[in-house]
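**Student:** I'd like to ask you about the structure that follows.
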Amino acid sequence: ASYTDSSDDEVSPREKQQTNSKGSSNFCVKNIKQAEFGRREIEIAEQDMSALISLRKRAQGEKPLAGAKIVGCTHITAQTAVLIETLCALGAQCRWSACNIYSTQNEVAAALAEAGVAVFAWKGESEDDFWWCIDRCVNMDGWQANMILDDGGDLTHWVYKKYPNVFKKIRGIVEESVTGVHRLYQLSKAGKLCVPAMNVNDSVTKQKFDNLYCCRESILDGLKRTTDVMFGGKQVVVCGYGEVGKGCCAALKALGAIVYITEIDPICALQACMDGFRVVKLNEVIRQVDVVITCTGNKNVVTREHLDRMKNSCIVCNMGHSNTEIDVTSLRTPELTWERVRSQVDHVIWPDGKRVVLLAEGRLLNLSCSTVPTFVLSITATTQALALIELYNAPEGRYKQDVYLLPKKMDEYVASLHLPSFDAHLTELTDDQAKYLGLNKNGPFKPNYY
(Lines give C-alpha, C1' and ligand atoms only; values in the text may rest on other atoms or scores of the structure.)
Protein backbone atom coordinates (compact mmCIF):
# COMPACT_ATOMS: atom_id res chain seq x y z
CA ALA A 1 0.00 0.00 0.00
CA SER A 2 3.04 2.32 0.12
CA TYR A 3 4.18 4.38 -2.84
CA THR A 4 7.78 3.64 -3.77
CA ASP A 5 7.88 5.42 -7.16
CA SER A 6 8.89 2.10 -8.69
CA SER A 7 7.43 -1.25 -9.58
CA ASP A 8 6.64 -3.59 -6.70
CA ASP A 9 9.08 -6.23 -7.97
CA GLU A 10 12.08 -3.89 -8.21
CA VAL A 11 15.04 -4.89 -6.09
CA SER A 12 15.18 -3.14 -2.72
CA PRO A 13 18.12 -0.75 -2.25
CA ARG A 14 19.15 -2.96 0.67
CA GLU A 15 19.81 -5.80 -1.77
CA LYS A 16 21.80 -3.74 -4.29
CA GLN A 17 25.58 -3.53 -4.43
CA GLN A 18 26.43 0.09 -5.26
CA THR A 19 29.66 2.07 -5.09
CA ASN A 20 30.36 5.73 -5.71
CA SER A 21 33.10 7.05 -8.02
CA LYS A 22 35.63 6.85 -5.16
CA GLY A 23 34.93 3.14 -4.64
CA SER A 24 33.01 3.56 -1.37
CA SER A 25 29.91 1.50 -0.66
CA ASN A 26 29.25 3.01 2.78
CA PHE A 27 25.71 4.11 1.92
CA CYS A 28 22.34 2.77 0.81
CA VAL A 29 20.31 4.85 -1.64
CA LYS A 30 17.87 4.21 -4.46
CA ASN A 31 20.26 4.78 -7.34
CA ILE A 32 23.76 6.24 -7.08
CA LYS A 33 23.59 7.09 -10.79
CA GLN A 34 21.18 9.93 -9.96
CA ALA A 35 23.95 11.80 -8.15
CA GLU A 36 24.60 14.36 -10.89
CA PHE A 37 20.94 15.39 -10.97
CA GLY A 38 20.91 15.59 -7.18
CA ARG A 39 24.01 17.78 -7.18
CA ARG A 40 22.18 20.30 -9.40
CA GLU A 41 19.27 20.29 -6.94
CA ILE A 42 21.64 21.02 -4.05
CA GLU A 43 23.36 23.82 -5.97
CA ILE A 44 19.99 25.42 -6.74
CA ALA A 45 19.04 25.25 -3.04
CA GLU A 46 22.34 26.89 -2.08
CA GLN A 47 21.35 29.99 -4.07
CA ASP A 48 18.46 30.64 -1.67
CA MET A 49 20.34 29.60 1.48
CA SER A 50 22.93 32.35 1.38
CA ALA A 51 22.95 32.79 5.18
CA LEU A 52 23.90 29.15 5.78
CA ILE A 53 26.55 29.38 3.06
CA SER A 54 27.80 32.58 4.72
CA LEU A 55 28.09 30.74 8.05
CA ARG A 56 29.96 27.95 6.25
CA LYS A 57 32.46 30.39 4.78
CA ARG A 58 32.95 32.31 8.05
CA ALA A 59 33.57 29.23 10.16
CA GLN A 60 35.27 26.97 7.61
CA GLY A 61 38.76 28.09 8.62
CA GLU A 62 38.13 27.56 12.33
CA LYS A 63 36.56 24.11 11.88
CA PRO A 64 34.37 24.40 15.04
CA LEU A 65 33.09 20.85 14.49
CA ALA A 66 36.49 19.22 14.03
CA GLY A 67 36.28 15.80 15.66
CA ALA A 68 32.49 15.83 15.76
CA LYS A 69 30.83 12.61 14.65
CA ILE A 70 27.23 13.52 13.98
CA VAL A 71 24.54 10.93 13.46
CA GLY A 72 21.46 12.53 11.94
CA CYS A 73 17.87 11.60 11.21
CA THR A 74 16.03 14.31 9.27
CA HIS A 75 14.18 14.77 6.02
CA ILE A 76 16.68 14.28 3.21
CA THR A 77 16.02 17.03 0.71
CA ALA A 78 18.14 19.50 -1.23
CA GLN A 79 17.84 21.93 1.68
CA THR A 80 18.97 19.50 4.37
CA ALA A 81 21.78 18.40 2.08
CA VAL A 82 23.12 21.97 2.21
CA LEU A 83 23.06 21.69 6.02
CA ILE A 84 24.80 18.29 6.03
CA GLU A 85 27.53 19.51 3.69
CA THR A 86 27.96 22.63 5.83
CA LEU A 87 28.51 20.43 8.90
CA CYS A 88 31.09 18.42 6.95
CA ALA A 89 32.81 21.64 5.81
CA LEU A 90 33.03 22.72 9.46
CA GLY A 91 34.93 19.55 10.32
CA ALA A 92 32.26 16.98 11.19
CA GLN A 93 31.88 13.39 10.03
CA CYS A 94 28.23 12.57 9.32
CA ARG A 95 26.06 9.47 9.02
CA TRP A 96 22.47 10.15 8.01
CA SER A 97 19.05 8.53 7.71
CA ALA A 98 15.57 9.85 6.91
CA CYS A 99 12.96 10.74 9.52
CA ASN A 100 10.08 10.14 7.09
CA ILE A 101 9.64 7.21 4.71
CA TYR A 102 8.23 9.41 1.93
CA SER A 103 10.15 12.69 2.10
CA THR A 104 13.56 11.62 0.80
CA GLN A 105 14.60 13.05 -2.57
CA ASN A 106 16.37 10.04 -4.08
CA GLU A 107 18.61 12.09 -6.34
CA VAL A 108 19.75 14.23 -3.40
CA ALA A 109 20.54 11.15 -1.30
CA ALA A 110 22.59 9.87 -4.24
CA ALA A 111 24.50 13.16 -4.48
CA LEU A 112 25.34 13.02 -0.77
CA ALA A 113 26.53 9.42 -1.13
CA GLU A 114 28.68 10.39 -4.11
CA ALA A 115 30.20 13.20 -2.02
CA GLY A 116 31.21 10.69 0.66
CA VAL A 117 28.41 11.09 3.20
CA ALA A 118 27.24 7.81 4.73
CA VAL A 119 23.55 8.19 3.92
CA PHE A 120 20.96 5.44 4.28
CA ALA A 121 17.61 6.57 2.86
CA TRP A 122 15.26 6.36 -0.10
CA LYS A 123 11.72 7.41 -0.89
CA GLY A 124 9.14 4.74 -0.11
CA GLU A 125 10.92 2.85 2.67
CA SER A 126 8.95 0.23 4.57
CA GLU A 127 8.75 0.48 8.36
CA ASP A 128 11.42 -2.22 8.58
CA ASP A 129 13.63 -0.28 6.13
CA PHE A 130 13.17 2.87 8.20
CA TRP A 131 14.56 1.31 11.38
CA TRP A 132 17.23 -0.60 9.45
CA CYS A 133 18.55 2.67 8.01
CA ILE A 134 18.69 4.29 11.46
CA ASP A 135 20.47 1.22 12.82
CA ARG A 136 23.08 1.32 10.04
CA CYS A 137 23.87 4.91 10.96
CA VAL A 138 24.33 4.18 14.66
CA ASN A 139 25.80 0.69 14.64
CA MET A 140 29.12 0.76 12.80
CA ASP A 141 32.35 -0.84 13.95
CA GLY A 142 35.09 1.69 14.53
CA TRP A 143 32.81 4.73 14.39
CA GLN A 144 31.22 6.18 17.52
CA ALA A 145 28.83 9.13 17.29
CA ASN A 146 29.33 12.01 19.73
CA MET A 147 26.45 14.27 18.57
CA ILE A 148 22.84 13.60 17.54
CA LEU A 149 20.75 15.75 15.20
CA ASP A 150 17.18 14.47 15.28
CA ASP A 151 13.82 15.40 13.77
CA GLY A 152 10.98 13.63 15.52
CA GLY A 153 12.94 11.74 18.16
CA ASP A 154 13.08 8.36 16.42
CA LEU A 155 16.88 8.28 16.27
CA THR A 156 17.16 9.25 19.94
CA HIS A 157 14.55 6.61 20.82
CA TRP A 158 16.46 3.94 18.89
CA VAL A 159 19.75 4.74 20.61
CA TYR A 160 18.06 4.61 24.04
CA LYS A 161 16.39 1.33 23.15
CA LYS A 162 19.20 -0.53 21.37
CA TYR A 163 22.51 1.17 22.14
CA PRO A 164 22.30 3.01 25.48
CA ASN A 165 26.09 2.78 25.89
CA VAL A 166 26.46 5.16 22.94
CA PHE A 167 25.35 7.98 25.25
CA LYS A 168 28.63 7.68 27.16
CA LYS A 169 30.27 9.51 24.23
CA ILE A 170 27.37 11.76 23.17
CA ARG A 171 27.93 15.43 24.03
CA GLY A 172 24.43 16.52 23.13
CA ILE A 173 21.21 16.13 21.16
CA VAL A 174 19.75 18.77 18.86
CA GLU A 175 16.03 18.21 18.17
CA GLU A 176 14.01 20.07 15.54
CA SER A 177 10.35 19.03 15.81
CA VAL A 178 7.47 19.46 18.26
CA THR A 179 7.11 15.68 18.47
CA GLY A 180 10.77 15.07 19.24
CA VAL A 181 10.97 17.89 21.77
CA HIS A 182 7.93 16.48 23.59
CA ARG A 183 9.71 13.13 23.85
CA LEU A 184 12.85 14.81 25.22
CA TYR A 185 10.87 16.64 27.91
CA GLN A 186 9.24 13.33 28.87
CA LEU A 187 12.70 11.77 29.27
CA SER A 188 13.87 14.76 31.30
CA LYS A 189 10.83 14.67 33.57
CA ALA A 190 11.38 10.96 34.20
CA GLY A 191 15.05 11.56 35.00
CA LYS A 192 16.13 9.45 32.01
CA LEU A 193 17.73 12.14 29.84
CA CYS A 194 21.43 11.37 30.18
CA VAL A 195 22.91 14.13 27.96
CA PRO A 196 22.16 17.83 27.32
CA ALA A 197 19.61 18.50 24.58
CA MET A 198 18.90 21.63 22.55
CA ASN A 199 15.27 22.37 21.72
CA VAL A 200 15.49 23.98 18.29
CA ASN A 201 11.74 23.74 17.65
CA ASP A 202 10.94 26.39 20.26
CA SER A 203 13.74 28.73 19.24
CA VAL A 204 12.28 31.92 17.76
CA THR A 205 13.97 31.34 14.42
CA LYS A 206 12.24 27.94 14.04
CA GLN A 207 8.90 28.51 15.75
CA LYS A 208 8.01 31.87 14.22
CA PHE A 209 9.44 31.25 10.76
CA ASP A 210 9.63 27.60 9.67
CA ASN A 211 6.50 26.48 11.51
CA LEU A 212 4.45 29.50 10.38
CA TYR A 213 5.69 30.74 7.01
CA CYS A 214 6.85 27.40 5.63
CA CYS A 215 3.49 25.77 6.37
CA ARG A 216 1.55 28.79 5.11
CA GLU A 217 2.96 28.20 1.64
CA SER A 218 3.54 24.46 1.53
CA ILE A 219 0.06 23.37 2.71
CA LEU A 220 -1.46 24.71 -0.49
CA ASP A 221 1.32 23.23 -2.62
CA GLY A 222 0.79 19.76 -1.17
CA LEU A 223 -3.00 19.86 -1.51
CA LYS A 224 -2.96 21.28 -5.04
CA ARG A 225 -0.42 18.79 -6.36
CA THR A 226 -2.28 15.79 -5.00
CA THR A 227 -5.95 16.72 -5.44
CA ASP A 228 -6.31 19.78 -7.74
CA VAL A 229 -8.90 21.02 -5.24
CA MET A 230 -10.32 24.54 -5.45
CA PHE A 231 -10.40 26.14 -2.00
CA GLY A 232 -12.84 28.99 -2.59
CA GLY A 233 -16.02 28.18 -0.61
CA LYS A 234 -14.71 24.86 0.68
CA GLN A 235 -15.27 24.05 4.35
CA VAL A 236 -12.02 23.07 6.07
CA VAL A 237 -11.35 22.05 9.66
CA VAL A 238 -7.80 22.52 10.96
CA CYS A 239 -7.02 20.59 14.14
CA GLY A 240 -4.56 22.65 16.16
CA TYR A 241 -3.86 26.40 16.14
CA GLY A 242 -0.19 26.46 17.03
CA GLU A 243 2.28 28.05 14.62
CA VAL A 244 1.76 25.32 12.00
CA GLY A 245 -2.02 25.61 12.30
CA LYS A 246 -1.85 29.39 12.07
CA GLY A 247 0.13 29.15 8.85
CA CYS A 248 -2.28 26.64 7.31
CA CYS A 249 -5.35 28.66 8.30
CA ALA A 250 -3.96 31.94 6.95
CA ALA A 251 -3.30 30.36 3.55
CA LEU A 252 -6.70 28.65 3.33
CA LYS A 253 -8.59 31.76 4.44
CA ALA A 254 -6.77 33.87 1.85
CA LEU A 255 -8.09 31.60 -0.91
CA GLY A 256 -11.67 31.88 0.29
CA ALA A 257 -12.06 28.69 2.31
CA ILE A 258 -14.42 28.60 5.30
CA VAL A 259 -12.10 27.50 8.11
CA TYR A 260 -12.98 25.91 11.45
CA ILE A 261 -10.48 25.27 14.26
CA THR A 262 -10.32 22.60 16.94
CA GLU A 263 -8.15 23.35 19.98
CA ILE A 264 -7.47 22.09 23.51
CA ASP A 265 -5.63 25.24 24.61
CA PRO A 266 -7.85 28.22 25.59
CA ILE A 267 -5.11 30.71 24.66
CA CYS A 268 -4.70 29.34 21.13
CA ALA A 269 -8.48 29.03 20.86
CA LEU A 270 -8.92 32.70 21.77
CA GLN A 271 -6.28 33.66 19.18
CA ALA A 272 -8.24 31.70 16.56
CA CYS A 273 -11.46 33.47 17.52
CA MET A 274 -9.84 36.89 17.26
CA ASP A 275 -8.33 35.94 13.90
CA GLY A 276 -11.87 35.37 12.65
CA PHE A 277 -12.17 31.58 12.86
CA ARG A 278 -14.88 29.50 14.53
CA VAL A 279 -13.56 27.20 17.24
CA VAL A 280 -15.53 23.95 17.33
CA LYS A 281 -15.33 20.34 18.41
CA LEU A 282 -14.50 18.01 15.54
CA ASN A 283 -17.74 16.07 16.03
CA GLU A 284 -19.75 19.24 15.38
CA VAL A 285 -18.49 19.74 11.82
CA ILE A 286 -17.16 16.37 10.69
CA ARG A 287 -20.20 15.56 8.54
CA GLN A 288 -20.06 18.82 6.56
CA VAL A 289 -16.40 19.66 5.97
CA ASP A 290 -14.60 19.06 2.67
CA VAL A 291 -11.06 18.92 4.07
CA VAL A 292 -9.62 17.79 7.42
CA ILE A 293 -6.06 18.86 8.32
CA THR A 294 -4.28 17.78 11.51
CA CYS A 295 -1.35 19.70 13.00
CA THR A 296 -1.33 18.95 16.72
CA GLY A 297 1.63 16.63 17.35
CA ASN A 298 -0.82 14.36 19.19
CA LYS A 299 -2.26 10.89 18.51
CA ASN A 300 -5.72 9.75 17.39
CA VAL A 301 -6.96 13.27 16.69
CA VAL A 302 -9.01 11.88 13.80
CA THR A 303 -10.46 8.51 14.81
CA ARG A 304 -12.26 5.77 12.89
CA GLU A 305 -15.54 7.17 14.21
CA HIS A 306 -14.73 10.54 12.61
CA LEU A 307 -13.71 8.85 9.36
CA ASP A 308 -16.95 6.85 9.28
CA ARG A 309 -18.99 10.06 9.56
CA MET A 310 -17.16 12.06 6.88
CA LYS A 311 -18.98 12.90 3.69
CA ASN A 312 -18.08 11.43 0.32
CA SER A 313 -14.77 12.69 -1.15
CA CYS A 314 -13.63 14.39 2.05
CA ILE A 315 -9.87 15.01 1.90
CA VAL A 316 -7.88 14.00 4.99
CA CYS A 317 -4.25 14.95 5.58
CA ASN A 318 -1.66 15.68 8.25
CA MET A 319 0.78 18.57 8.68
CA GLY A 320 2.25 17.33 11.97
CA HIS A 321 5.53 15.42 12.08
CA SER A 322 4.19 12.00 13.07
CA ASN A 323 1.73 9.68 11.35
CA THR A 324 -0.18 9.11 14.60
CA GLU A 325 -2.63 12.00 14.31
CA ILE A 326 -4.98 10.17 11.93
CA ASP A 327 -5.94 6.63 12.91
CA VAL A 328 -4.94 5.11 9.56
CA THR A 329 -4.49 1.64 11.05
CA SER A 330 -8.23 1.44 11.72
CA LEU A 331 -8.85 1.78 7.98
CA ARG A 332 -6.92 -1.38 7.10
CA THR A 333 -9.85 -3.72 7.58
CA PRO A 334 -11.51 -6.21 5.19
CA GLU A 335 -14.71 -4.20 4.71
CA LEU A 336 -12.84 -1.17 3.35
CA THR A 337 -11.17 -1.05 -0.07
CA TRP A 338 -8.00 0.95 -0.72
CA GLU A 339 -7.51 2.32 -4.21
CA ARG A 340 -4.26 4.09 -5.16
CA VAL A 341 -5.30 6.80 -7.64
CA ARG A 342 -1.96 8.60 -7.94
CA SER A 343 1.27 8.78 -5.98
CA GLN A 344 0.56 9.57 -2.32
CA VAL A 345 -3.22 9.65 -2.88
CA ASP A 346 -5.43 6.78 -1.69
CA HIS A 347 -9.20 6.51 -1.95
CA VAL A 348 -10.50 4.52 1.00
CA ILE A 349 -13.88 3.13 -0.07
CA TRP A 350 -16.69 2.16 2.33
CA PRO A 351 -19.21 -0.62 1.53
CA ASP A 352 -21.85 1.97 0.55
CA GLY A 353 -19.49 3.53 -2.01
CA LYS A 354 -18.38 6.51 0.07
CA ARG A 355 -14.78 7.54 -0.53
CA VAL A 356 -12.38 9.35 1.77
CA VAL A 357 -9.32 10.82 0.06
CA LEU A 358 -6.28 10.07 2.26
CA LEU A 359 -3.02 11.84 1.45
CA ALA A 360 0.45 10.38 2.14
CA GLU A 361 -1.10 7.66 4.33
CA GLY A 362 -1.47 10.25 7.10
CA ARG A 363 2.18 11.27 7.08
CA LEU A 364 3.57 14.78 6.72
CA LEU A 365 1.79 16.26 3.69
CA ASN A 366 4.13 18.96 2.49
CA LEU A 367 7.39 17.00 2.45
CA SER A 368 5.71 13.78 1.30
CA CYS A 369 3.71 15.28 -1.55
CA SER A 370 5.49 18.47 -2.58
CA THR A 371 8.46 20.55 -1.52
CA VAL A 372 8.93 23.42 0.91
CA PRO A 373 10.33 26.97 0.50
CA THR A 374 14.11 26.86 0.52
CA PHE A 375 14.68 30.28 2.09
CA VAL A 376 12.74 29.59 5.28
CA LEU A 377 14.52 26.26 5.71
CA SER A 378 17.81 28.14 5.57
CA ILE A 379 16.74 29.85 8.81
CA THR A 380 16.07 26.52 10.53
CA ALA A 381 19.20 24.88 9.14
CA THR A 382 21.41 27.75 10.32
CA THR A 383 19.83 27.47 13.78
CA GLN A 384 20.53 23.72 13.83
CA ALA A 385 24.15 24.24 12.81
CA LEU A 386 24.71 26.83 15.55
CA ALA A 387 23.03 24.59 18.13
CA LEU A 388 25.39 21.74 17.22
CA ILE A 389 28.41 24.05 17.41
CA GLU A 390 27.26 25.39 20.79
CA LEU A 391 26.68 21.98 22.38
CA TYR A 392 29.80 20.41 20.90
CA ASN A 393 32.11 23.21 22.07
CA ALA A 394 30.44 24.03 25.40
CA PRO A 395 32.78 23.69 28.38
CA GLU A 396 31.93 20.91 30.80
CA GLY A 397 29.25 22.01 33.23
CA ARG A 398 27.63 24.70 31.09
CA TYR A 399 24.79 22.35 30.17
CA LYS A 400 23.33 19.72 32.49
CA GLN A 401 21.30 16.65 31.56
CA ASP A 402 18.29 18.73 30.59
CA VAL A 403 16.54 20.40 27.62
CA TYR A 404 17.68 23.91 26.68
CA LEU A 405 16.68 26.65 24.26
CA LEU A 406 19.21 28.23 21.94
CA PRO A 407 20.59 31.42 23.53
CA LYS A 408 18.69 34.47 22.25
CA LYS A 409 21.92 36.04 21.02
CA MET A 410 22.27 33.15 18.57
CA ASP A 411 18.62 33.44 17.50
CA GLU A 412 19.22 37.09 16.68
CA TYR A 413 22.44 36.25 14.86
CA VAL A 414 20.57 33.76 12.65
CA ALA A 415 17.95 36.39 11.84
CA SER A 416 20.61 39.00 11.06
CA LEU A 417 22.29 36.67 8.55
CA HIS A 418 19.05 36.52 6.55
CA LEU A 419 18.24 40.25 6.49
CA PRO A 420 20.57 41.14 3.58
CA SER A 421 18.38 39.01 1.28
CA PHE A 422 15.66 41.64 1.74
CA ASP A 423 18.03 44.63 1.68
CA ALA A 424 16.82 45.30 5.23
CA HIS A 425 18.63 47.87 7.39
CA LEU A 426 18.47 47.71 11.19
CA THR A 427 18.14 50.84 13.31
CA GLU A 428 20.84 51.11 15.98
CA LEU A 429 20.13 52.19 19.54
CA THR A 430 21.88 55.27 20.87
CA ASP A 431 23.77 54.90 24.15
CA ASP A 432 21.01 56.84 25.89
CA GLN A 433 18.25 54.64 24.41
CA ALA A 434 20.10 51.45 25.33
CA LYS A 435 20.53 52.68 28.90
CA TYR A 436 16.83 53.62 29.08
CA LEU A 437 15.77 50.12 27.96
CA GLY A 438 18.44 48.38 30.01
CA LEU A 439 19.84 46.63 26.94
CA ASN A 440 23.21 46.09 25.35
CA LYS A 441 23.36 48.05 22.09
CA ASN A 442 24.28 44.85 20.26
CA GLY A 443 21.61 42.66 21.86
CA PRO A 444 20.17 40.35 22.84
CA PHE A 445 16.99 42.40 22.48
CA LYS A 446 14.54 39.76 23.66
CA PRO A 447 14.37 37.99 27.05
CA ASN A 448 15.03 34.26 27.16
CA TYR A 449 11.33 33.50 27.65
CA TYR A 450 10.33 35.23 24.38
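The values are calculated or read from the model by the stated rules, or taken from the named source; none is laboratory data. Predicted, not measured: the structure shown is a model, and the values here were computed from it. All Cβ positions, glycine included, derive from the backbone under ideal geometry; neighbour counts span all protein chains shown.
**Student:** Here are Thr371, Thr430: which of them is of a type outside the set (Phe, Trp, Tyr), in contact (Cβ under 8 Å) with a residue 60 or more places away in the chain and either surrounded by fewer than 14 Cβ atoms within 10 Å (Cβ to Cβ) or touching an Asp or Glu at 6+ places or on another chain (Cβ under 9 Å) (or both)?
**Tutor:** Going through Thr371, Thr430 in turn, just one is of a type outside the set (Phe, Trp, Tyr), in contact (Cβ under 8 Å) with a residue 60 or more places away in the chain and either surrounded by fewer than 14 Cβ atoms within 10 Å (Cβ to Cβ) or touching an Asp or Glu at 6+ places or on another chain (Cβ under 9 Å) (or both): Thr371.
**Student:** May I pose another question? Go through segment 75-173 and tell me which strands (runs of 3 or more DSSP E), entirely inside it, have 1 or more residues that are surrounded by fewer than 23 Cβ atoms within 10 Å (Cβ to Cβ).
**Tutor:** In segment 75-173, 93-98, 118-120 are the strands (runs of 3 or more DSSP E) which contain 1 or more residues that are surrounded by fewer than 23 Cβ atoms within 10 Å (Cβ to Cβ).
**Student:** So is Leu331 among the hydrophobic types (A, V, I, L, M, F, W, C), touching a His at 6+ places or on another chain (Cβ under 6 Å) and crowded, with 17+ Cβ neighbours inside 10 Å or not?
**Tutor:** So Leu331 fails the test.
**Student:** Could you check Ala381 against (1) touching a Cys at 6+ places or on another chain (Cβ under 6 Å); (2) closer than 30 Å to Gly191 by Cα; (3) among the hydrophobic types (A, V, I, L, M, F, W, C) and say which number it fails?
**Tutor:** Ala381 satisfies all of (1) touching a Cys at 6+ places or on another chain (Cβ under 6 Å); (2) closer than 30 Å to Gly191 by Cα; (3) among the hydrophobic types (A, V, I, L, M, F, W, C) except (1).
**Student:** A follow-up question, please. Taking strands (runs of 3 or more DSSP E) that do not extend beyond segment 244-363, which have at least 2 residues that are of a type outside the set (A, V, I, L, M)?
**Tutor:** 258-262, 314-318, 337-342, 345-349
**Student:** To continue, here is another question. Can you name the residue in segment 100-111 that is hydrophobic (A, V, I, L, M, F, W, C) and in contact with a helix residue (DSSP H, G or I) (Cβ under 6 Å, 6 or more places away or on another chain) and, of all such residues, is modelled with the lowest pLDDT?
**Tutor:** Selected residue: Ile101.
**Student:** For segment 47-74, give me each residue that is out of contact with any Ser or Thr (no Cβ under 6 Å at 6 or more places or on another chain) and part of a loop (DSSP other than H, G, I, E, B).
**Tutor:** If the condition is that a residue be out of contact with any Ser or Thr (no Cβ under 6 Å at 6 or more places or on another chain) and part of a loop (DSSP other than H, G, I, E, B), then Gln60, Gly61, Glu62, Lys63, Pro64, Leu65, Ala66, Gly67, Ala68 are the ones that fit.
**Student:** Out of the residues in segment 295-323 that are surrounded by fewer than 20 Cβ atoms within 10 Å (Cβ to Cβ) and among the polar types (S, T, N, Q), which is nearest to Val229 (Cα to Cα)?
**Tutor:** Ser313
**Student:** Pairs needed: first member in segment 307-325, among the β-branched types (Val, Ile, Thr); second member anywhere, assigned to a loop (DSSP other than H, G, I, E, B); C-beta distance under 8 Å; at least 6 residues apart or different chains.
**Tutor:** So the pair list comes out as Ile315/Val229; Ile315/Asp290; Val316/Met310; Thr324/Asn298; Thr324/Lys299; Thr324/Asn300.
**Student:** So, one more: Looking at Glu243, Glu263, can you tell me which residue is buried (at least 22 other Cβ atoms within 10 Å of the Cβ), assigned by the TED database to the domain that holds Val356, out of contact with any strand residue (DSSP E or B) (no Cβ under 9 Å at 6 or more places or on another chain) and of a type in the set (D, E, K, R)?
**Tutor:** Glu243
**Student:** May I ask you to verify whether Ser421 is touching a residue at least 60 places away in the same chain (Cβ under 8 Å), among the polar types (S, T, N, Q), in a helix (DSSP H, G or I) and surrounded by fewer than 16 Cβ atoms within 10 Å (Cβ to Cβ)?
**Tutor:** yes
**Student:** Determine which member of the set Tyr399, Tyr392, Tyr413, Tyr404 is under 27 Å from Phe445 (Cβ atoms) and assigned to a strand (DSSP E or B).
**Tutor:** The match here is Tyr404.
**Student:** Considering every residue within segment 390-403, establish whether at least one is under 19 Å from the mean Cα position of the chain (by Cα) and not β-branched (Val, Ile, Thr).
**Tutor:** no
**Student:** Same structure, new question: Give the residue, chosen from Asp327, Asp352, Asp308, Asp346, that is within 24 Å of Gly242 (Cβ to Cβ) and of a type outside the set (A, V, I, L, M).
**Tutor:** The conditions single out Asp327.
**Student:** Yes or no: segment 210-227 includes at least one residue that is of a type outside the set (A, V, I, L, M), in contact with an Asp or Glu (Cβ under 7 Å, 6 or more places away or on another chain) and modelled with pLDDT under 95.
**Tutor:** yes
**Student:** Another question about this same structure. Inspect all residues belonging to segment 159-170 and state whether any of them is under 22 Å from the mean Cα position of the chain (by Cα) and basic (Lys, Arg). Don't jump to the end; show me each part of the working.
**Tutor:** Residues of segment 159-170 under 22 Å from the mean Cα position of the chain (by Cα): 159-160.
Filter once more, keeping what is basic (Lys, Arg): none.
Within segment 159-170 (the criterion being under 22 Å from the mean Cα position of the chain (by Cα) and basic (Lys, Arg)), the answer is no, since none of the residues qualifies.
**Student:** Now for a separate question. Considering only segment 326-359, state which residues are aromatic (Phe, Trp, Tyr) and in contact (Cβ under 8 Å) with a residue 60 or more places away in the chain.
**Tutor:** First, pick out the residues of segment 326-359 that are aromatic (Phe, Trp, Tyr): 338, 350.
Trp338 - this is the single residue of segment 326-359 that is aromatic (Phe, Trp, Tyr) and in contact (Cβ under 8 Å) with a residue 60 or more places away in the chain.
**Student:** Let me ask something else about it. Regarding segment 33-42, can at least one residue be identified that is part of a loop (DSSP other than H, G, I, E, B) and outside the structural domain of Arg332 (by the TED database)?
**Tutor:** No: segment 33-42 contains no residue that is part of a loop (DSSP other than H, G, I, E, B) and outside the structural domain of Arg332 (by the TED database).
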